[in-house]
Amino acid sequence: GDSVTQMEGPVTLSEEAFLTINCTYTATGYPSLFWYVQYPGEGLQLLLKATKADDKGSNKGFEATYRKETTSFHLEKGSVQVSDSAVYFCAFYNQGGKLIFGQGTELSVKP
Amino acid sequence: DAGVIQSPRHEVTEMGQEVTLRCKPISGHNSLFWYRQTMMRGLELLIYFNNNVPIDDSGMPEDRFSAKMPNASFSTLKIQPSEPRDSAVYFCASTFWGNEQYFGPGTRLTVT
């Protein structure tokens, strides 16, 4: 069935370190893919998206490329900041109209 | 735009009481989603509406939970009677035809 698998957290990094959060998905067809971010005490908000294979979504220094061959959508950032500390969710819409989320990966960035 | 509005932001109630959570979606959006988030179970979709009609309520945990959307600008999620295991953060989100979902700030429910 439809599912998203993310690397387990928490991920702890020092400021300016390189970030990768892995995401793989199982879906029917080729849905649009999303990364959402949840800052402490807030709701989820869209970070970036990609709508077709080989598209790269980017925002706030974060990037993710839609890889059809490996059914992956890994999130990367070259230099993280303390303010990037949050929980990150990978997601896609299934054919029934539901947004299927991964379990979330907590990122903690230390100064 | 004010974004998705939820009320109350915090609710503390005793077991057995009725709880009503409210949501105002973004104007012009035609789909509305109710989620529940806990440490144990993560983010769960409870129910969603398209054009005010419930499409999938398979995530509603029990008959104690009910949701309505009487018009395009208002939805409620009701728990009656409430139980301690219902304690969670409840989010409402809205979208237009499968685009980005916009989430509200959530209602933190504590049932004692």
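The values are calculated or read from the model by the stated rules, or taken from the named source; none is laboratory data. Nothing here was measured: the structure is a model prediction, and the numbers come from that model. Backbone-built Cβ (ideal geometry, glycine too); neighbour counts: all protein chains shown.
Observations on the model:
- Scanning the range A:85-97 for residues that are touching a strand residue (DSSP E or B) at 6+ places or on another chain (Cβ under 8 Å) and touching a residue at least 12 places away in the same chain (Cβ under 8 Å) returns A:S85, A:A86, A:V87, A:Y88, A:F89, A:C90, A:A91, A:F92, A:Y93, A:N94.
- Condition check for A:A17: away from chain B (no Cβ under 14 Å) and of a type in the set (A, V, I, L, M): yes
- Residue list for the range A:78-108, restricted to those being buried (at least 20 other Cβ atoms within 10 Å of the Cβ) and either more than 14 Å from chain B (Cβ to nearest Cβ) or touching a helix residue (DSSP H, G or I) at 6+ places or on another chain (Cβ under 9 Å) (or both): A:V80, A:D84, A:L107
- The number of residues in the range A:47-64 that are aromatic (F, W, Y) and modelled with pLDDT under 95 comes to 0.
- Qualifying residues in the range B:21-65 (those that are of a type in the set (K, R) and more than 20 Å from B:I5 (Cα to Cα)) - the one nearest to the other protein chains (Cβ to nearest Cβ): B:R41
- Search result, residues across the range B:66-108 that are within 14 Å of another protein chain (Cβ to nearest Cβ) and either farther than 13 Å from B:L32 by Cα or among the hydroxyl-bearing types (S, T, Y) (or both): B:A88, B:V89, B:Y90, B:S94, B:T95, B:Y102, B:P105, B:G106, B:T107, B:R108
- Hits in the range A:47-60 - residues which are assigned to a strand (DSSP E or B) and free of Cβ contacts under 8 Å to residues at least 40 places away in the same chain: A:L48, A:K49, A:A50, A:K56, A:G57, A:S58, A:N59
- Of everything listed in (1) of a type outside the set (S, T, Y); (2) away from chain B (no Cβ under 14 Å); (3) without any contact (Cβ under 8 Å) to a residue 60 or more places away in the chain, the single unmet condition for A:L44 is (2).
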